[in-house]
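**Student:** Could you have a look at this structure, given as structure tokens, before my questions?
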């Protein structure tokens with residue numbers, strides 16, 4: 001167990017844990033954008049560099065995640081999906097989140113975390129069900145220990161804390177990892193979730209994917225804190241900053257936070273510095289609030305190319321590996337493509353079935369009205385269409 005004070009957050013010893021709670025002066029980085037080893041000095045903890053097998057597995061997941069983003073973007077443009085919030089360039093955060101959890105742990109994603117949802121084993125078409133415009137959310141959270149991707153900002157953080165609190169009360173060693181964006185840190189639910197998690201000392205890790213924008217609002221107009229990770233101090237939990245495009249650093253930092261929570265150390269807040277390379281969604285025009293020059297500065301920091309360069313130079317990635325990973329990614333893309341090219345047959349009556357366990361008189365009236373309209377719109381049997 002880490003050397004943390006057991007009663008952080010109860011007001012018993014204010015100030016004693018300040019150094020322990022504060023994040024590193026600069027984001028933790030283990031592999032540079034050039035694919036070389038980064039200096040490891042200056043970090044508040046000695047993070048363990050991931051094993052080669054973990055990095056190879058992580059690279060394969062990055063390749064798959066990138067192909068998912070590319071394929072989903074193409075399907076939106078073809079009209080096969082209603083909306084897709086791309087995580088192109090942010091995939092390392094989601095891959096690391098999956099890899100640091102056990103199957104028995106829980107993940108609570110945002111609407112942008114389709115790559116993380118797929119990484120938890122959710123069937124591709126279940127993961128894309130709501131994005132194509134179907135009425136339901138697509139999968140059973142209990143089957144995959146994965147919350148449904150949420151569009152309202154920060155609401156999933158409260159759900160994550162509740163699951164973590166329940167696990168603690170049951171005496172389980174479950175850890176919950178909750179994803180959110182920088183925009184979510186301005187929401188009241190963010191405050192409530194972190195405060196409850198710290199006061200009740202629950203096993204949850206909050207991962208902020210700071211991609212610099214809350215839709216069109218840059219971070220500088222959202223917060224004047226030294227960093228988003230510094231917000232953790234106000235709740236009595238440790239905060240850390242990490243290069244969100246460095247999978248090795250993410251695995252080290254998140255892995256440390258997850259095991260700390262599992263050992264009874266309580267909650268942590270991790271801020272991953274990354275960038276949203278594409279528009280907020282297909283309904284957004286990012287050129288209205290940021291320049292092409294700004295985007296170009298992040299291209300060399302690509303998490304996929306960075307890890308590819310490191311593994312290749314270390315002799316851990318060959319041509320056969322690259323072909324195999326690409327083939328697996330293409331197979332998943334085909335599965336998604338084939339599934340979304342299949343038309344669904346929705347039942348309009350289901351609009352009224354699951355609102356209340358006992359439908360109200362008004363709902364019953366509306367259901368009958370719709371049924372009559374649908375019946376009247378059907379062509380008479382034998383009549384020319």
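The values are calculated or read from the model by the stated rules, or taken from the named source; none is laboratory data. Predicted model, so just to flag it, every value in this text is computed and none were measured. Ideal geometry is used to build each Cβ from the backbone, glycine not excepted, and the neighbour counts take in all protein chains shown.
**Student:** Limited to region 53-80, what total is found for residues that are without any contact (Cβ under 8 Å) to a residue 40 or more places away in the chain and more than 18 Å from residue 125 (Cα to Cα)?
**Tutor:** Looking only at that region, the number is 1.
**Student:** Name, by its number, the condition in (1) assigned to a helix (DSSP H, G or I); (2) surrounded by 24 or more Cβ atoms within 10 Å (Cβ to Cβ) that does not hold for residue 272.
**Tutor:** Looking at each condition in turn, residue 272 falls short on (1).
**Student:** Answer yes or no: is there a residue in region 89-97 that is surrounded by fewer than 22 Cβ atoms within 10 Å (Cβ to Cβ) and in contact (Cβ under 8 Å) with a residue 12 or more places away in the chain.
**Tutor:** no
**Student:** Please report, ordered by residue number, the helices (runs of 4 or more DSSP H) entirely within region 284-385 with at least 1 residues that are in contact with a strand residue (DSSP E or B) (Cβ under 7 Å, 6 or more places away or on another chain).
**Tutor:** Once the helices (runs of 4 or more DSSP H) in region 284-385 are filtered for at least 1 residues that are in contact with a strand residue (DSSP E or B) (Cβ under 7 Å, 6 or more places away or on another chain), what remains is 303-313.
**Student:** When you go through 38, 72 one by one, which is the residue that is surrounded by 14 or more Cβ atoms within 10 Å (Cβ to Cβ) and at pLDDT 95 or above?
**Tutor:** Only one candidate qualifies: 72.
**Student:** Quick check on this structure: which one of 240, 259 is outside any loop (DSSP other than H, G, I, E, B), touching a helix residue (DSSP H, G or I) at 6+ places or on another chain (Cβ under 8 Å), modelled with pLDDT of 95 or more and over 20 Å from residue 159 (Cα atoms)?
**Tutor:** 240 is the lone residue from the list that is outside any loop (DSSP other than H, G, I, E, B), touching a helix residue (DSSP H, G or I) at 6+ places or on another chain (Cβ under 8 Å), modelled with pLDDT of 95 or more and over 20 Å from residue 159 (Cα atoms).
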